[in-house]
Structures are given as structure tokens and as C-alpha cells.
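Here the structure comes first, spelled out in C-alpha cells, and everything after it is commentary.
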Amino acid sequence: MKKSSEVVVVGGGPCGSFAALNLAKLGVKVAVFEEHGEIGVPSHCPGHLSINGLKNLGIYPLPPKIVENIFYGVIFHSPSGKNFSIRFPSPVTCTVNRVLFDKYVARKAENMGTRYFLNSRVDSLIIENGYVKGVTLGNGEKISAEIVIDAEGISSRLLKQADLSSLNPQMLVKAVHAEVENVKNLEEDMVEVFLGRNYAPGFYAWLIPTRGGRAKVGLATKIGNPKDYLQRFMRKHPEATKKLGEAKILRESFHSITLGEMIPKAYSNGFLAVGDAASQVKPTTGGGVILGMNCARIAAEVVHEALTKNDCSSRFLSKYQKRCRKIMGFDLKVMLKMRKMLDALSDKKIDSIIQFCKKTGLDKALQNFKDIDFQGRSLLNALRNPRVSLAIFYFLISYALGNP
Ligand SMILES: Cc1cc2nc3c(=O)[nH]c(=O)nc-3n(C[C@H](O)[C@H](O)[C@H](O)COP(=O)(O)OP(=O)(O)OC[C@H]3O[C@@H](n4cnc5c(N)ncnc54)[C@H](O)[C@@H]3O)c2cc1C
């Protein structure tokens, strides 16, 4: 077992690498096993991230070549083509090149002493006397560890082996992410969101400008094939066609997004799950990088404490779940409610809500809604403004009255 470590991390995505980075900073001997031959490849995500979130993680500013664009706000489009926008006085989000971003976090972890093993798929957990004690690789090699951190993304394979419940399949949406050129009529410093059942049932479609007429476009859907929905969206949506009607897809990838808030138990003896593996994703937008990395940092702290106290029991590691809940439990609950309410609205209702938001001048009022990672708290702040309360009231009434 020459590769044995105090901690083994399964998966070299942003959450696995950030857990490794923070463990290495605390002096823990850590090894990351990544099934692919290159960190960040293949990429399935447009990497739309909040600047405040990155700052709070201590990794902003990023090297300029990683950041492909920055944004001052968002334009919401209703199914029939009405729109409503919120613009902030300073940039709030950015889009990163996910391959370079993942490599950057991994390089930081490596520089702190983390060992990376590429082309190294973890096949199973080694379990002895009820404790996870390491992993077995695809080639049969056994790697021992005091604690294994599962950062393998949405597959839930290791969760099941650790006897934990897997991600809720009802709360998975199928997504497509594409990079396109020859996009017209873009506001280059605004992200666009397109709501409506006809184009992205159970989620929404997005348009994230990069530069020079290029953009990242995508959507997720609860039903059907996302590839077909993307074609339909680009060629038929009344507003999207003005921008994407002649666009050419350069690359596309398919992956699922988990929207069901954090799994009820993300730890067991000698084992923790972080990032998408634990469904640490915003149910409203599907954004998981910032929340997952926040939880990865907590995981590193708890694992360090467990190793210091020589107690890797499920009881001790439960601190991880409690601390994650403390920073985001409320927000995830509010976002999940918002997701369910949005899913229940008909296209006609969405149209009238967007019109209402525009009429009531909600764009100004919503400028308090700046923390896009912790939306529950932002919503409470924004509710202090009577216009926002009115809009939420209208939204709730629309929801309560059901779909026509
Ligand atoms: C279409 C789409 C759009 C998205 N847009 C955004 C966005 O704009 N902003 C945002 O914040 N989030 C977005 N997300 C979500 C975001 O991509 C994830 O939340 C994020 O990648 C989670 O990071 P992770 O490290 O947990 O998992 P991943 O990034 O999935 O990394 C998991 C890693 O584990 C490796 N692995 C898996 N199994 C094994 C194994 N058995 N052995 C070894 N290695 C293994 C994989 O190869 C991979 O490298 C989007 C997701 C999708 C699908």
C-alpha cells in the first residue's frame, strides 16, 4: 500500500481539490484519486460563479485567463418573450473556464503537498469492522486511509457502499451545456435566464456571454431529451432566436444536476461526502461550485479535528453535517421551496409575474438581493422593501391559485 495516506479524496473536481487543499494546509497527508487523465476534463459546466462567493473562499481574484467574463446582473425572459432585468452597480458574477478553474484549485492543493493520482478510478471502499479504511482502485490496488472523502459527483456509488442514502432521483434534472459562436444582440455584461415549460420543463435555459459573439448556452429539463430542447430553444423561443437563431454549436456536453438540497446524512465511520456527491447544490439555479467548496472546507476542518482526537467515528464526523447545515441549511430549504413553487407555475403565470415585476420597479428594490449563494438570507433582507414584499405576495397568490 505505497500510496496510503491519512486521507483519501475520491475525485479531483473543485470540491475534492478544495477539501484536499484545506487538509494539506492543516498539515494532513492527503491523496486525490481522479479517474480521468486530466483534471477538469471533460467539462460539463459553464462555471457561472458569484464573485463574493469566490472571495469568501479566498480564491478571488483568479488569474485573468480563467475568468471568461464578468456580469453586472441578470435578464429574466418570460415564455412569451417579456423581460425584466436587475442590474447592480458593480460586477456580481463571473463565468470561469471550468477546465482551467479545476486545474487551478488542484495546483494549489498540489503546491501545499497533496499527491494527485490521475487515471486512477476508485472502484470500492475498503470497510473493516464497520469503518471505511481506504479504497480499492480499478486495477485492484488497495489504498489505506484513516478517512475517505467522497467527491465523486452525482453518481452516488460510494454513498451506497458506505450505507448512506443516494441522491434523490426525483430531484435530478438532465442538462446540456454548449459553447456557441455567432450570437447576436447580446448585452455582454448580463446573464440571461429563460423561463417556461415549453423550453426547459422543471428548470430554465441560460445564456452566458463570453466575448466576441460567443456564449455558453444550456438548459436542464425534468422530461425528454435536453439536446432536443436546446434545438427548440435556440430556433423557436421568441427572444432566444433573435440571439441564437444563427449561432453555431462548437461543443456540447450532457450531465445531470441535483436539486434536492443536502442529503440527510453525508457521513459514516471514516467517511464524508462533499460537493455534488452530497447534493450541496442550490435548488433554484443548480449552482454547486461555491456551496460545495464551502462544505469541502468544513469537511477538511472536521477531518483534521477527528484525526487529532483519533476519533473517526460517525458520531464525531456528524459535526460536519451540523456545520454545513448551520451555514446553508436555511438557505437550501428556502431555495427548495422556491424551486417547487416555480415548477408549479404555468407559463401564463410566469408571464404575468415578470410583467408585474417590471411594472412595480422591482429591479431597483432587488438590488439588495446580492448574495446569490445564500438566497434564503438575501430574500429576508430584500423583503424589508415593500415592493419586494408585494411581488412575493403576488407570486404566492399566483402559486396558491394554481394554474389556469
Ligand atoms: C449543465 C450544468 C451546468 C452547471 N452550471 C453551474 C454553474 O454555472 N455554476 C455552478 O456553481 N455550478 C454549476 N453546475 C454544477 C457544478 O458543475 C457542480 O456542482 C460541481 O462541478 C460540483 O463539483 P464536485 O467537485 O462536487 O463534482 P465534479 O465537478 O462532478 O467532480 C467529480 C470528479 O470526480 C471524478 N470521479 C468520479 N467518480 C470517480 C471515481 N470512482 N474515482 C475517481 N474519480 C472519480 C470525476 O471524474 C470528476 O473529476 C452545473 C452543472 C451542470 C451539469
Practice problem: State whether the residues of segment 73-93 include one that is at positive phi, surrounded by fewer than 19 Cβ atoms within 10 Å (Cβ to Cβ) and within 14 Å of the ligand (Cβ to nearest atom). | Solution: no
Practice problem: Output the residue which, of all residues in segment 262-299 that are among the charged types (D, E, K, R) and surrounded by fewer than 24 Cβ atoms within 10 Å (Cβ to Cβ), is nearest to the ligand (Cβ to nearest atom). | Solution: Arg297
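Are any residues in segment 2-39 of a type in the set (Phe, Trp, Tyr) and assigned to a strand (DSSP E or B), and if so, which ones?
Phe33, the sole residue that qualifies.
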Exercise. Quick one: Ser85 ticks every box in (1) over 20 Å from the mean Cα position of the chain (by Cα); (2) part of a strand (DSSP E or B); (3) under 30 Å from Tyr131 (Cα atoms) except a single one, so which number is it?
Key: (3)
Practice problem: Looking only at segment 169-187, count how many residues are surrounded by 15 or more Cβ atoms within 10 Å (Cβ to Cβ) and in a loop (DSSP other than H, G, I, E, B). | Solution: 3
Quiz item: Which of the following residues is within 26 Å of Val9 (Cβ to Cβ) and free of Cβ contacts under 8 Å to residues at least 24 places away in the same chain: Asn119, Asn129, Asn97?
Solution: Asn129
Practice problem: Could you list all residues from segment 23-44 that are more than 14 Å from Arg107 (Cβ to Cβ), within 14 Å of the ligand (Cβ to nearest atom) and surrounded by fewer than 24 Cβ atoms within 10 Å (Cβ to Cβ)? | Solution: Ala31, Glu35, His36, Gly37, Val41, Pro42, Ser43, His44
Practice problem: Collect the residues in segment 211-235 that are modelled with pLDDT under 95 and part of a strand (DSSP E or B), keeping them in residue-number order. | Solution: none
Quiz item: So which pairs qualify, if the first residue must be in segment 239-254 and assigned by TED's automatic domain parsing to the domain that holds Leu207, the second must be acidic (Asp, Glu) and buried (at least 16 other Cβ atoms within 10 Å of the Cβ), the Cβ gap must be under 6 Å, and the two must be at least 6 apart or on different chains?
Solution: Leu250/Glu179; Arg251/Glu179
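The values are calculated or read from the model by the stated rules, or taken from the named source; none is laboratory data. Given the structure is predicted, the values throughout are model-derived calculations rather than measurements. Cβ atoms come from the backbone with ideal geometry, glycine included; neighbour counts cover every protein chain shown.
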